[in-house]
Amino acid sequence: MSSRDAATNQLMKHAQSKKGGRDKLTTSNGAPVDSLTASMTAGPRGPILLQDFTLIDHIAKFDRERNPERVVHAKGAGAFGYFEVTDSSFMQSVCRAKMFDTPGKRTPVSA
């Protein structure tokens, strides 16, 4: 192991440093927690109490998690062609754009 560089041995060193001890489960403020499955109840079969900070903290974090929705991306498809004026008298009464001034004039368009 000594003939390899430090970057190659990084995972092995990390595993050796964590050997023997588990990571502690904590609340959002850093207080250690024994178990997330054990919650305070009113009696042996009673309802769960709102004073159980560990449970309320865990539920609050779960509620605030962001679940990204599917994002739709454009695929780059389009239509290319031309616009051809067939009746300029009507178009001239509606607008004054140069592309509509003469019959038979083709203007390239994309959609």
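Any idea how many residues of the range 83-107 are of a type in the set (Ser, Thr, Tyr), exposed (fewer than 10 other Cβ atoms within 10 Å of the Cβ) and not in a loop (DSSP other than H, G, I, E, B)? Please lay out each step first, then the result.
Quick first cut of the range 83-107, residues of a type in the set (Ser, Thr, Tyr) only: 86, 88-89, 93, 102, 107.
Restricting the remaining residues to those that are exposed (fewer than 10 other Cβ atoms within 10 Å of the Cβ) gives 86, 89, 93.
Okay, now just the ones that are also not in a loop (DSSP other than H, G, I, E, B), so 89, 93.
Qualifying residue count, the range 83-107: 2.
Condition (residue is at pLDDT 75 or above and either among the small types (Gly, Ala, Ser) or in contact with a Gly (Cβ under 9 Å, 6 or more places away or on another chain) (or both)) applied to the range 49-58: is it met by at least one residue?
Taking the range 49-58 first, the residues at pLDDT 75 or above are 49-58.
With either among the small types (Gly, Ala, Ser) or in contact with a Gly (Cβ under 9 Å, 6 or more places away or on another chain) (or both) added as a condition, the list becomes none.
The answer is no; no qualifying residue exists.
State whether the residues of the range 85-108 include one that is among the acidic types (Asp, Glu) and either under 30 Å from LEU36 (Cβ atoms) or touching a strand residue (DSSP E or B) at 6+ places or on another chain (Cβ under 9 Å) (or both).
Just the residues of the range 85-108 that are among the acidic types (Asp, Glu), to begin with: 87, 101.
Keeping just the survivors that are either under 30 Å from LEU36 (Cβ atoms) or touching a strand residue (DSSP E or B) at 6+ places or on another chain (Cβ under 9 Å) (or both) gives none.
So far as the range 85-108 goes, no, none of its residues is among the acidic types (Asp, Glu) and either under 30 Å from LEU36 (Cβ atoms) or touching a strand residue (DSSP E or B) at 6+ places or on another chain (Cβ under 9 Å) (or both).
The values are calculated or read from the model by the stated rules, or taken from the named source; none is laboratory data. Quick caveat, the model's predicted, so the values are computed rather than measured. Virtual Cβ from ideal backbone geometry, glycine too; neighbours counted across all protein chains shown.
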